[in-house]
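A short reminder: the numbers here are calculations on the coordinates, not readings from a lab. These figures come from a predicted structure and were not determined experimentally. We place every Cβ from the backbone using ideal geometry, glycine too, and count neighbours over all the protein chains shown.
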Amino acid sequence: MNASSQPPSPTSPPLALEAAPLGRWTAAGEQPSTGDNAIRDALHQVNRPLYMVDMGGTFGVSHFGQATLGEGEKDAAGGVPLVGYSPIVRASQLGDPSFCADHRIKFPYMVGSMANGIASTDLVVASAKAGILASFGAAGLPTARIEQAIDQISGAVGDLPFAFNLIHSPSEPAQEAATADLYHRRGVRLVEASAYLDLTYPVVRYRVLGIGRDAQGRIHTPNQIIAKASRVEVATKWFSPPPEGMLAKMFEAGDITPEQAQWAAQIPVAQDLTAEADSGGHTDNRPAITLLPTMLALRDRLQRQYGYQVPLRVGAAGGIATPASAAGAFAMGAAYIVTGSINQACVESGSSDTVRKMLSESRQADVIMAPAADMFEMGVKLQVLKRGTMFAMRASKLYEYYREYNSLVEIPAADQQTLEKTVFKMPLAEVWQRAQQFWAERDPSQIERARRDAKHQMALVFRWYLGLSSRWANTGEPTRQIDYQIWCGPAMGAFNEWVRDSFLEAPENRHVATVARNILYGASVATRVGTLRTQGVRLRSELTNIVPQEVERLEEFLL
């Protein structure tokens, strides 16, 4: 079977050598195959070893035979010069095998949690059945909806692994605490913790509850956390033991015993940490090529400092959208990779067909930073799609008003009229009434605070627009397309460029398992090509191009 791209143009030699041969190769039955097609096919069959040999000026490839490596073997009798060799490179081998083993998945690949259910139940179920880990996008959803998702996913996947998102909510601490408690109570044993600026009591409590020792005497924690961080100071807290003050509070509350507190002081808050580079949604726009090595160095330092029984791991997220970016992350030492923006464009996501089409047409420069609804007052921003929507510009204008004025009535009358006409499409008084209806169910204390503080009232009114804009996008509200808030990073543009002129160019063909398998398989091919490159073998791009394939054609190459 062949999973490679279309035949290249045979107008130039298939490869060039920039180093001496590695040794000698002797056939074991069949002779090497020659020609562009044979070389291309052999490169892409990553489930078989590859021997590349010099047959007197003609280069050949084989999956069989015996190689003798070393400078002293170049002139040995028998065989032909071996110019390149690659072992089997399966996708399941690319990251840290312990990550896959601990989380009971086939591949070191995670589908990240995009809020408001964009990382939907369908997305999580499809991922679990494909042997990859996915996290439900619980952020922004009421507790009842999250519990409904727990029932739907657990009922559909059985014993297969999955995760749920727990997001830092500085403006809604009660919601964060209720969500964390729900996860423990309902047996959700893995959460992806995101957007944390510091550790909070609810997330630490979730991690520690139920701690004990197994039959071998090792510390066992039923609740696991995969944390996302882009700053060393935050990552340090995830990789450190729980704060003593929080453990003392848990003891006083009767949640843990003194012995359990001692055990908790010997574990990290999170064993797995995702280095979150330039991504969609909440992001510090960090470049992955510097962020990942920094987090890996931090991992090693804290592992030495605390001597954990179970080693710490670092994964990579932000910009992972092509075989090259995935292979690069693994080459730098990532234990696993996490994808985000590209999953929103998949048919199983909780977004709308309109958004999927908009995402499929985007390019790398079509993204911009805009104020975040959940941390609006703090000035925190997130990355969104710029092309086809005015959300970023309008949201930024709202934040300008928030900074300049102390109440809605201070905003000049002409500006109020513009807001009512173009942004809210209703009087500000009506927006406030609707905002009150929302917070009356979610957190009534916000209304009480707004009645005492006119600036907070203004923030809630503005957050009404920021919050609904993402929901309009998810439902595909046709009258509000210009206001869609679509979380998106530059990875989306890179993916679109890679799949151009392939079957994955069409949004309706983008299934999460198909996308994941193609990225993983492509990373295996890219890794093989990179191995040959380090040996001095230079191949034409036509031979190494990785073209997306239907899932059925890739199965034998992945495991």
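In degrees, nearest 10, range 0 to 90: what is the angle between the Cα axis of helix 391-404 and the longest Cα principal axis of the chain? With rounding to tens, the tilt is 40 degrees. Eigen-decomposition of the gyration tensor built on the alpha-carbon atoms of region 51-172 gives equivalent ellipsoid semi-axes of 51, 14, 12 angstrom, largest listed first.
When only the Cβ of Lys, Arg, Asp and Glu is charged (+1, +1, -1, -1), the dipole of the chain relative to its Cα centre reaches about 340 debye. Only one residue of ALA491, VAL80, GLN436 has its Cα farthest out toward the positive end of the dipole of the chain, where Lys and Arg carry +1 and Asp and Glu -1 on Cβ, and that residue is GLN436. Listed by chain and number, the aspartates and glutamates placed with their C-alpha closer than 18 angstrom to that of LYS425 are ASP415, GLU477, ASP483; residues fewer than eight positions away on the same chain are left out.
Per Stokes-Einstein, at 10 °C and 1.306 mPa s, what whole-number D in µm² s⁻¹ belongs to the chain, with the Kirkwood radius over Cα pairs as the hydrodynamic radius? Estimated via Stokes-Einstein, D reaches 62 µm²/s. Which of rounded, prolate, oblate describes region 358-483, given a ≥ b ≥ c as roots of the alpha-carbon gyration tensor eigenvalues and a/c under 1.5 marking rounded, otherwise prolate only if a/b is larger than b/c? Because a/c hits 1.5 or more and a/b exceeds b/c, region 358-483 counts as prolate. DSSP bridge analysis restricted to the chain gives an antiparallel fraction near 55%, rounded to the nearest 5. Note on GLU430 and GLU233: the extension gain reaches 66.7 nm, defined as 0.36 nm multiplied by sequence separation minus the Cα-Cα distance. Partner lysines whose Cα lies under 21 Å from the Cα of LYS129, excluding those fewer than 8 positions away in the same chain, are identified as LYS106. Sorted from longest to shortest, the spans of the Cα atoms of region 93-351 along the three principal axes equal 48, 41, 39 Å. Taking a Cβ cut-off of under 15 Å around ASP36, the surrounding Lys, Arg, Asp and Glu residues balance to a net charge of +1, with basic ones at +1 and acidic ones at -1.
Under 30 Å Cα to Cα from LYS421, which lysines show up? Leave out anything in the same chain fewer than 8 places away. Reachable lysines: LYS357, LYS381, LYS386, LYS397, LYS455. By other beta-carbon atoms within 10 Å, ranking LEU273, LEU82 with the fewest at the front produces LEU82, LEU273. Whole-Hz Karplus values for region 114-120 come out as 9, 4, 6, x, 5, 7, 7 Hz, taken residue by residue from phi with 6.51 cos²θ - 1.76 cosθ + 1.60 and θ = phi - 60°; glycine and proline positions read x.
Along the chain, counting only GluC sites (Glu not before Pro) with a DSSP assignment other than H, G, I, E or B and at most 12 other Cβ atoms inside a 10 Å radius, the longest segment between sites is 31-559.
Entry note, the chain: the mean residue ellipticity at 222 nm calculated from DSSP H runs of n ≥ 4, each adding -39500 (n - 2.57), is -12500 deg cm²/dmol after division by the residues and rounding to the nearest 500.
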